[in-house]
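S.K.: Structure below; questions to follow.
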Amino acid sequence: PMYVRHEIRRAVRVPVELVCADWDEPVRLETADLSPRGCFVPSRLLMEQGTPVVVSFRIGTGGEEWTVFGEVSRVASWRRRTDPHEAGMGVRFVGTRPWDRIRIRERLRGVPPPLPRRRPPPLPDRSFARA
């Protein structure tokens, strides 16, 4: 089945605290993008897809703190320098109230979506043999 995005992601670096049953204490990370329905968190510390999490964050200085339930919806592991994406996890917010989504959307108004990542240049073709 094809994934349909319900919200525009916004390119915003927001400090987040992630809590899950596998960790003894909250882990502080930073988002690469955020929408009222989820976020992408770059990290080499990855959880399995489907892992329930609690995410706490503030948008901007002095903004209210949101604490929402979520689940890891996507895991991107970085294996090679030439990989076109950074390692991290997509977290889908679960059970957020419509009013909270409206308020988050308002806080993100005017922030542009993330730019597509440029792929690194291809490695030189070394398939030919030198005599």
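The values are calculated or read from the model by the stated rules, or taken from the named source; none is laboratory data. Please read all numbers here as calculations on a predicted model, not as lab measurements. We place every Cβ from the backbone using ideal geometry, glycine too, and count neighbours over all the protein chains shown. Accessible surface areas use protein heavy atoms only, side chains included; no ligands, DNA or RNA. Shrake-Rupley method; radii C 1.70, N 1.55, O 1.52, S 1.80 Å.
S.K.: Checking Gly60 against (1) at pLDDT 90 or above; (2) farther than 17 Å from Asp22 by Cα, which single condition isn't satisfied?
M.R.: In the conditions (1) at pLDDT 90 or above; (2) farther than 17 Å from Asp22 by Cα, Gly60 misses (1) alone.
S.K.: While we're looking at this one, here's another question. Residues of segment 63-100 being at pLDDT 90 or above and in contact with a Pro (Cβ under 6 Å, 6 or more places away or on another chain), which ones?
M.R.: Within segment 63-100, Glu71, Gly88 meet the criteria.
S.K.: Kindly provide the set of residues from segment 21-32 that are under 25 Å from Leu108 (Cβ atoms) and open to solvent by 10 Å² or more (accessible area, probe 1.4 Å), ordered by number.
M.R.: Pro26, Val27, Arg28, Leu29, Glu30, Ala32, listed by residue number.
S.K.: May I pose another question? Out of all the residues in segment 23-35, which are touching an Asp or Glu at 6+ places or on another chain (Cβ under 9 Å) and farther than 17 Å from Arg74 by Cα?
M.R.: Pro26, Val27, Arg28
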